Amino acid sequence: MTDTVFVLNGPNLNLLGVREPEIYGADSLDDIAGRLEDRGRGLGLEIEMRQSNHEGHLVDWLHEAQAEGAKAVILNAGALTHTSLALYDAIRSIKTPVLEVHISNPAAREAYRHKSYVGMAALGTIAGFGAYGYELALDAASKL
């Protein structure tokens with residue numbers, strides 16, 4: 001096992017800071033990455049931050065995390081959270097712990113966001129704390 005934590009982000013998260021800031025806040029994905037890298041250094045962890053609008057990339061990266069012996073994966077799958085059996089199967093097929101993160105609280109939003117295929121397979125979920133949720137997840141990953 002390495003001290004690397006993969007931080008994987010799904011569709012539309014490249015638009016953080018621009019897209020619906022009243023829901024997702026003003027922080028960009030680069031802002032979040034910078035804070036995670038700083039916090040990771042303090043925890044002795046290396047951060048591998050990635051984003052894709054394509055489901056298959058996320059599946060491949062979950063497999064890669066396992067193959068590289070990553071300590072954990074922090075996954076914000078965006079809308080794929082609620083639709084992707086492929087992500088569910090990928091998480092279930094690897095031994096690397098996966099922590100689900102959401103900036104907003106899906107349970108407090110539209111009914112179609114209440115079901116999480118990612119959450120059904122993940123070790124745990126952090127939701128509703130804004131961009132700070134990524135840091136909470138990194139703290140949790142450091143203790144695994």
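Given (1) 12, 47, 35, 5; (2) 12, 39, 32, 13, 4, 0; (3) 10, 33, 32, 19, 6, 1, which label gives P(r) over Cα pairs in 10 Å bins from 0, in percent as computed from the coordinates? For P(r) over Cα pairs in 10 Å bins from 0, in percent, the calculated option is (1).
Other residues whose C-beta falls under 14 angstrom from the C-beta of Gly25 contribute a net charge of -4, scoring Lys and Arg +1 and Asp and Glu -1. With contacts taken as Cα pairs under 8 Å at a separation of at least 6 residues, region 46-144 carries a relative contact order of 28 percent. Residue separation of Arg39 and Ala107 scaled by 0.36 nm, minus their Cα-Cα distance, works out to 21.7 nm of gained length.
Relative contact order for region 1-96: 44 percent, from Cα pairs under 8 Å spaced at least 6 residues apart, divided by residue count.
Could you pull out the pairs from Lys115/Lys143; Lys95/Lys115; Lys71/Lys95 whose alpha carbons sit more than 21 Å apart here? From the list (Lys115/Lys143; Lys95/Lys115; Lys71/Lys95), the Cα-Cα distance tops 21 Å for Lys115/Lys143; Lys95/Lys115.
Each value in this text was obtained by applying a stated rule to the coordinates, not by laboratory testing. Small disclaimer: the values here were computed from a predicted structure and weren't measured. Every residue, glycine among them, receives a Cβ derived from its backbone with ideal geometry; neighbour counts consider all protein chains shown.
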